[in-house]
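The values are calculated or read from the model by the stated rules, or taken from the named source; none is laboratory data. Keep in mind that what you see is a predicted model, and the values were worked out from it rather than measured. Cβ placement follows ideal geometry from the backbone for every residue including glycine, while neighbour counts extend to all protein chains displayed.
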């Protein structure tokens, strides 16, 4: 950080990854540095482009699984305008490293190939203190001479641990209009249990990536469940595809960080108006699966957004009893319906992962929704 600071780098813009947690927490703790929490990687790069045009030397932080979100601004913004930015990209699914989750395997094998195809100069993130100065100097020289970005690929355990002193995103000065006088927030598992009790048994449930899908699997594994791994923010869009292709009721289990990553899904659901569609957002105002960095959710009126986009109803509920009642009520009249519930941060330390492979989950659901002809 001292070397980068000496070269005038900042602001730091990004989307959390567990490998990046020490970086992000350290930037937040430094009064002379600035971290901007982006909702997705493409937005982070676009904000970095604006910062560079305004005279800054931005750094974009991301996991390699979000590299796809960078393709458009990399090729159609930074390249034609010759806007340089320093990228730090974590290498999940490292083919030469320890086994990782299945959603990281393909991007882990192809990260460098993707960067080569996009003509992004890159190198390994320096693994020793002695390598940092020369590595940063090479990156700076490349950006100054070409006007193009440069990427460091960060492997696991290269950056040391860091204990943060402050949270990753300050709370807004005033809560959104839909905010309630809150009781103690329920745990995610309690909220999911209330949804499970209230939902129709024939519902297809699409659970967002991370701890939501993992806890839902532990509560009740069933053929009509789809546990997303990776594909952050895509749960409502996948559910929308199911809801507009079949007449089965569909229930989405979403999170605030995931929803913020792809808010366009709310507009599409509101436009297509699937009548048997319930969108539940469990909001802990944090990226709980990557180190609990704060999201910008406290300043967003999610139900107001859903209503503006055309949902038949939208509400914020306070507690598991109200959550279960709202889900039950939403299934009685044509939708789509939006139910927002604030929950507590954290999960069980021994939380497992689905023991069924993603492609088997998909095949199981496919056979359920479209059984083979006799």
Only one of (1) assigned to a loop (DSSP other than H, G, I, E, B); (2) surrounded by 14 or more Cβ atoms within 10 Å (Cβ to Cβ) fails for residue 355. Which number is that? (2)
Sort through 301, 247, 288 and tell me the only one that's modelled with pLDDT of 95 or more and assigned by TED's automatic domain parsing to the domain that holds residue 331. 301
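Scan region 243-258 for residues that are within 21 Å of residue 203 (Cα to Cα) and crowded, with 19+ Cβ neighbours inside 10 Å and report the count.
First, the residues of region 243-258 that are within 21 Å of residue 203 (Cα to Cα): 243-255.
From the residues that got through so far, the ones that are crowded, with 19+ Cβ neighbours inside 10 Å too are 243, 249-255.
Total satisfying the criteria: 8.
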What's the number of the condition residue 182 fails, among (1) crowded, with 17+ Cβ neighbours inside 10 Å; (2) closer than 19 Å to residue 322 by Cβ; (3) at pLDDT below 95? (1)
Where residue 202 falls short, out of the listed (1) part of a helix (DSSP H, G or I); (2) surrounded by fewer than 19 Cβ atoms within 10 Å (Cβ to Cβ); (3) touching a residue at least 40 places away in the same chain (Cβ under 8 Å): (1)
If the Cβ limit is 7 Å and pairs must be 6+ apart or interchain, which residue in region 207-219 that is over 18 Å from residue 65 (Cβ atoms) pairs with which residue that is part of a loop (DSSP other than H, G, I, E, B)? 215/347; 215/351; 217/354; 218/352
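Against the definition (within 28 Å of residue 94 (Cβ to Cβ), out of contact with any helix residue (DSSP H, G or I) (no Cβ under 6 Å at 6 or more places or on another chain) and surrounded by fewer than 24 Cβ atoms within 10 Å (Cβ to Cβ)), how does residue 26 come out, yes or no?
Working: within 28 Å of residue 94 (Cβ to Cβ): yes; out of contact with any helix residue (DSSP H, G or I) (no Cβ under 6 Å at 6 or more places or on another chain): yes; surrounded by fewer than 24 Cβ atoms within 10 Å (Cβ to Cβ): yes.
So residue 26 fits the description; yes.
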